[in-house]
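Below is one structure, written out as structure tokens, with a few remarks after it.
Coordinate-derived values only; no laboratory data. What you see is a predicted model, and the numbers here were worked out from it, not measured in a lab. Methodologically, a virtual Cβ is constructed for each residue, glycine included, from the backbone with ideal geometry; neighbour enumeration extends over all protein chains shown.
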Amino acid sequence: MSALLVRSSLRFMRHHPWQTWLTMAGIVLGVAVVVAVDLANASARRAFALSLSSVAGDVTHQLVGGPNGIDEDLYVNMRTTLGIQKSAPLVSARVAVGGETFTLLGVDPIAELALRRHNFAASGSNTSPGGVAAFLARLLKRPDAIVISARSAARLGLQIDDSLAIGLGRRQHRVTLVGIFHGRNPAATEGLLFMDIAAAQELLGRLGRIDRIDLILDPQTQQTLTAWMPASLQLVDSEARSAGLRQMSEAFHTNLTAMSLLALLVGGLLIYNTMTFSVLQRRQLLGIYRAQGVTRREVFALVLAEALGLGAISSLM
């Protein structure tokens, strides 16, 4: 391709700035649509993985029961008889706060210390043993005490000792914020509420029942627990459970992938039409080039060079 054709192409773009900018805008929109949907898909997968990691932590197994959960006396017997200290009971429910849906987790804050998956603190920075002990005292003494994740507290404008209403079905309950929860992945802990398990059982109407027991087990302890526990309970590997939850979310990710492919088609058609319009407007000029001896190969190379240049600049934009 000769330098004369390059100068001619640049001169045409300079004399038609609006068309050039509109062509670039079409390419920008086409690329942006594809990138945006792809980012949404990747972000959804990452957020789901972080949420599982935040809630489960280093837990290796979970002891689960049927629809009625597990008798809390079994948890006491397991700790006293088998001596499994790295264990923590949990009850959970979906509640409404300020028009949003949150996950309420009823936990034993003292047992959680052995699992080391939640950094409870009375404030954003007071994580010393004395500060944690003072916070635990406030949480255990007040039946309406809750802990909320740092990002959720900031979004809702909540501070320590603020009162708020949580909705459970058609019922409304007043609770008091006594602490801020800081996780290793702040985005993954958004939408989580923590409460002492005894208060959560009373609030949810599940007195004497727990949903599951989270455990950190070695192979020998796992065999001992399997032989000891009742047949009505099931010991589930946390990785297998996480894999099952990921499979349940695959339909959502498949829909996002389909949207990404559709966006790719729309973006491709948008870019193709803008480039085609740019070429068709110069049909007479390109015909003059051909009459003066410019070959088809050179015209084709000129169009491809323009598309490459505009595409590279627009993609960066």
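Assorted remarks:
- Segment ALA231-ALA134, extension gain: residue separation times 0.36 nm, minus the distance between their alpha carbons: 30.9 nm
- For the pair LEU264 and THR224, label points projected 7 Å from Cα toward Cβ lie 5.4 nm apart.
- Protection proxy ranking, peptides 270-277, 83-90, 146-153, average beta carbon neighbours within 10 Å, highest first: 146-153, 83-90, 270-277
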